[in-house]
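**Student:** Quick one: this structure, given as structure tokens, is what I'll be asking you about.
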Amino acid sequence: MAEVLVYVDHVDGAVRKPTLELLTLARRIGEPVAVALGGGAADTAAALAEHGAVKVLTHEAAEYADYLVVPKVDALQAAYEAVSPSAVLVPSSAEGKEIAARLALRIGSGIITDAVDLEAGEEGPVATQSVFAASFTTKSRVAKGTPVITVKPNSAAVEAAPAAGAVEALAVSFSDKATGTKVTGRTPRESTGRPELTEAAIVVSGGRGVNGAENFAIIEALADSLGAAVGASRAAVDAGWYPHSNQVGQTGKSVSPQLYIASGISGAIQHRAGMQTSKTIVAINKDAEAPIFDLVDYGIVGDLFDVVPALTEEVKSRKG
Amino acid sequence: MSLRIVVTVKYVPDATGDRHFADDLTVDRDDVDGLLSELDEYAVEQALQIAEDADDAEITVLTIGPEDAKDALRKALSMGADKAIHVEDDDLHGTDAIGTSLVLAKAVEKAGYDLVISGMASTDGTMGVVPALVAERLGVPQVTLLSEVSVEDGVVKGRRDGDAASEQLEASLPAVVSVTDQSGEARYPSFKGIMAAKKKPVESWDLEDLDIEAEEVGLEGAYTVVDSATERPARTAGTIVKDEGEGGKQLAEFLAGQKFI
Ligand SMILES: Cc1cc2nc3c(=O)[nH]c(=O)nc-3n(C[C@H](O)[C@H](O)[C@H](O)COP(=O)(O)OP(=O)(O)OC[C@H]3O[C@@H](n4cnc5c(N)ncnc54)[C@H](O)[C@@H]3O)c2cc1C
Ligand SMILES: Nc1ncnc2c1ncn2[C@@H]1O[C@H](COP(=O)(O)O)[C@@H](O)[C@H]1O
């Protein structure tokens, strides 16, 4: 069976969920061979094997952390040349897309970004994408070379499928371009203890209607009662009420949770672009005409300062 | 020595309009009003700020697109860019990201550059890969997705706010930079700027000018094929209730019914 290269997104050896989802998709089109780079790379093997990786190619070097993107492209290219896979799958993070694109160019292939589903097809893997702020769904293929496809989080269920996951050292020699962009400082994001926004099953978001940084506490309280991640509209972020890393939408994160709760968000096209594929959508807004109500499964026309705390109390008491 | 900045800008269908596909499954650019991609306005703005801080700088805005794409160039010129290049050729219709990066890289080289500045993503394709591809083609450092950028003594520095960390980056010129919408509000063209833009030079180049064969680009040269595009069915109308004091409870009831609680 053809091998499919899967680029592993991990933090010091802890594999992030979107990579496990990729393994599910990779198994539909071949045998997953994982590529893990940087500090802790070998520690990823157990989780990857459990989810279907037949092999785990690893390489540790300081370059991955000290220079931007290119060392990872060099390594992925080395893996590509070693394995001759039938496809290369990469998680659709900002960095993942850049790595994938540069690899595609080097190997003379096409690139598809932000797939939300992937199936085997007669002429190679068929990727489903959601475009124009999720108002259209397209099916595309890579027509030249080995398909390089980046896949968004929450595109497939994580499935256990134990495989050998044999760890092999990958031989990488960095190109002279690898050290072009130096990382001179790094401030890790502080953990909030809440689920990762793009990976969460439930997202609770607040917008301009929340009216102040201090009021986001009521959005957070609802999120915590549901075990959810917290999101924000750009208006709330621009006002400085909530960090940009929590922005949902075209220029923020794109989320596709089981449940999305929007409070005090009007539902502008750029916001919809990042949440329209959520399975169930709920909104609380005092303006009955707000466009967000066109999307909802359940909407409350009301003041979020009344409805959200009441909902939080209800959730808490029901959960006991 | 003068600092030559090339800003790549895209002319895109208005996101608030009714965007759709043409019969050949390319983005319809004829029936929908277009404009300078809002995300590229941030690139123009940062170019202007870098130029203001430099002793001597020249900003060229570059677009690949149909006839109407001149509107995007005019807007950038009226914001303050010095001159413009419009790459236009019927054979470019349907070009994908790989092809776009080829044309941009060739055009940037022909124009002459020390610094290329792009937007974080186009608002229609939203791939966010073209700047990285252009850097790969040019063989120069990519310093992308910056929310803060500055240039001093031939070195570009910036801050990239990633998923896991915020990184400080540094590279020597020549380099390719892309900036996010966090990099700073783009200025509005002044009346004076709009008037001045009318007199600024706009060059037109076609594929021949760039030594690119028709087969390398366009729908024919594309590395990816779109087999189908279907409009997402409108979401079935949901239940909307007015809060009469019981809204929170009713919502909890709904969530419990859906097994979220
Ligand atoms: C290139 C570009 C990219 C963009 N990217 C993004 C993006 O990634 N994400 C994003 O979100 N936006 C993005 N935007 C901005 C977007 O166009 C909207 O401006 C933004 O989403 C509006 O945020 P909002 O809904 O919170 O604010 P508003 O549109 O002002 O809506 C606030 C809503 O809150 C309601 N409200 C007020 N008070 C209360 C109350 N007490 N109780 C209940 N409801 C209340 C109001 O009725 C209103 O509907 C982008 C714009 C551009 C041009
Ligand atoms: N046709 C084009 N003409 C000029 N610049 C472009 C074009 N397409 C993409 N770009 C540049 O590349 C950036 C990222 O585009 P994309 O990778 O398509 O999302 C944009 O913000 C532009 O700066």
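**Student:** What accessible area per residue, rounded to a whole number of Å², is obtained for segment B:3-221 using a probe radius of 1.4 Å?
**Tutor:** On the way: 9080 Å² over 219 residues.
Here the residues of segment B:3-221 average 41 Å² of exposed surface.
**Student:** Right, another one. If N is the number of residues in the protein assembly as shown, what value comes out of its Cα radius of gyration divided by 2.2 N^0.38 Å?
**Tutor:** 0.96
**Student:** I've got another one for you. For chain A, what proportion of DSSP beta bridges, expressed in % and rounded to the nearest 5, is antiparallel?
**Tutor:** Here the share of antiparallel DSSP bridges comes out near 20 percent.
**Student:** Which loop-located GluC sites (Glu not before Pro) does segment B:137-243 contain, where loop means any DSSP state but H, G, I, E or B and the Cβ has at most 14 other Cβ atoms within 10 Å?
**Tutor:** In loop regions of segment B:137-243 (DSSP not H, G, I, E or B), the sparsely surrounded GluC sites (Glu not before Pro) are B:Glu185, B:Glu213.
**Student:** Add -39500 (n - 2.57) for each DSSP H run of 4 or more in the protein assembly as shown, then divide by its residues: what number comes out at 222 nm, to the nearest 500 deg cm²/dmol? Walk me through the numbers on the way to the answer.
**Tutor:** Numbers: 16 runs with 158 residues, N = 581.
Value at 222 nm, helices only: -8000 deg cm²/dmol.
**Student:** With a 1.4 Å probe, what is the total accessible area buried between chains B and A, in Å² rounded to the nearest 100?
**Tutor:** Numbers: alone 15400 and 14860 Å², together 23300 Å².
The summed interface area works out to 7000 Å².
**Student:** How big is the antiparallel share of DSSP beta bridges in segment B:3-221, given as a percent to the nearest 5?
**Tutor:** Close to 40 percent.
**Student:** Can you list the residues of segment A:129-172 that have at least 50 square angstrom less accessible area with all protein chains present than in their chain by itself, probe 1.4 Å?
**Tutor:** A:Phe132, A:Phe136, A:Thr137, A:Lys139, A:Arg141, A:Lys144
**Student:** Roughly what % of DSSP beta bridges within the protein assembly as shown run antiparallel, to the nearest 5?
**Tutor:** Among the beta bridges of the protein assembly as shown, antiparallel pairing accounts for roughly 35 percent.
**Student:** If you don't mind, there's one more thing I want to ask. With chain B treated as a Gaussian network of Cα nodes joined by springs under 10 Å, which of B:Val12, B:Val149, B:Val129 yields the largest mean-square fluctuation?
**Tutor:** B:Val129
**Student:** In the protein assembly as shown, what percent of the accessible surface is made up of carbon and sulfur (1.4 Å probe, ligands and nucleic acids excluded)? Walk me through the intermediate numbers first.
**Tutor:** Numbers: 10790 of 23300 Å².
Ligands and nucleic acids excluded, carbon and sulfur give 46 percent.
**Student:** Which value, in debye to the nearest 20, describes the size of the charge dipole of the protein assembly as shown about its Cα centre when Lys and Arg Cβ atoms bear +1, Asp and Glu Cβ atoms bear -1, and nothing else is charged?
**Tutor:** With Lys and Arg at +1 and Asp and Glu at -1, about 1340 debye.
**Student:** With springs only between Cα atoms under 10 Å apart, run a GNM on chain A and tell me which of A:Ser191, A:Ser175, A:Ser109 wobbles the most.
**Tutor:** A:Ser191
**Student:** Where does the longest stretch of chain A lie that holds no GluC sites (Glu not before Pro) found in a DSSP loop with 14 or fewer other Cβ atoms within 10 Å? Write down the numbers at each step before the final one.
**Tutor:** Details: sites that count: A:Glu122, A:Glu123, A:Glu159, A:Glu190, A:Glu214, A:Glu289.
That gives A:1-121 as the longest site-free run.
**Student:** If Lys and Arg each add +1 and Asp and Glu each add -1, what is the summed charge of the other residues whose beta carbon sits under 13 Å from the beta carbon of A:Leu68?
**Tutor:** Values: positive: A:Lys72, A:Arg102, A:Lys177, A:Lys182, A:Arg186, B:Lys157, B:Arg159, B:Arg160; negative: A:Glu63, A:Asp66, A:Asp74, A:Glu95, A:Glu98, B:Glu136, B:Glu167, B:Glu170.
Value of the local net charge: 0.
**Student:** Around A:Gly249, with a cut-off of 9 angstrom between Cβ atoms, what is the net charge of the other residues, counting Lys and Arg +1 and Asp and Glu -1?
**Tutor:** Residues near A:Gly249 contribute +3 overall.
**Student:** Here's another thing I want to ask about it. Count neighbours as other Cβ atoms within 10 Å of each site's Cβ, and list the trypsin sites (Lys or Arg not before Pro) in segment B:210-261 that are DSSP loop with at most 15 such neighbours.
**Tutor:** Loop-located and lightly packed - B:Arg235, B:Lys259.
**Student:** Another one. Which ³J(HN,Hα) values, rounded to whole Hz and listed in residue order, are derived for segment B:153-168 from phi using the Karplus coefficients 6.51, -1.76 and 1.60 in 6.51 cos²θ - 1.76 cosθ + 1.60 with θ = phi - 60°, glycine and proline given as x?
**Tutor:** 6, x, 10, 9, 10, x, 10, 10, 8, x, 4, 9, 7, 9, 10, 9
**Student:** Return one quarter of the surface area of the convex hull spanned by the alpha-carbon atoms of segment A:202-319, equal to its mean projected area, in nm².
**Tutor:** Working: hull surface 24.7 nm².
Directional mean of the projected Cα hull area for segment A:202-319 stands at 6.2 nm².
**Student:** Hey, another quick one. Mean-square fluctuation check for chain B, GNM, Cα pairs under 10 Å: which of B:Ile240, B:Ile50, B:Ile64 is largest?
**Tutor:** Greatest mean-square fluctuation among the candidates belongs to B:Ile240.
**Student:** Shifting gears a bit: Dividing the Cα convex hull volume of segment A:3-169 by residue count, how many Å³ per residue is that?
**Tutor:** Numbers: hull volume 16.6 nm³, N = 167.
Roughly 99 Å³ of hull volume per residue.
**Student:** Where a ≥ b ≥ c are the square roots of the eigenvalues of the C-alpha gyration tensor, would you call chain B rounded, which needs a/c under 1.5, or, failing that, prolate if a/b is larger than b/c, or oblate?
**Tutor:** Prolate shape, in that a/c is at least 1.5 and a/b is the bigger ratio.
**Student:** Can I ask one more? Which residues among segment B:232-261 fall inside the zone where the amide N is under 17 Å from a point 7 Å beyond the Cα of A:Ala288, along Cα→Cβ?
**Tutor:** B:238-247
**Student:** Hey, another quick one. For segment B:149-198, state which trypsin sites (Lys or Arg not before Pro) are in a DSSP loop and have at most 15 other beta carbons lying within 10 Å of their beta carbon.
**Tutor:** Passing both the DSSP loop test and the Cβ count: B:Arg187, B:Lys198.
**Student:** Over what distance in Å are the Cα centres of segment A:211-265 and segment A:164-189 separated?
**Tutor:** 33 Å
The values are calculated or read from the model by the stated rules, or taken from the named source; none is laboratory data. Worth saying up front: this structure is predicted, and the values here are computed from it rather than measured. Virtual Cβ from ideal backbone geometry, glycine too; neighbours counted across all protein chains shown. Protein only, heavy atoms only, side chains kept; ligands, DNA and RNA dropped before computing areas. Shrake-Rupley method; radii C 1.70, N 1.55, O 1.52, S 1.80 Å.
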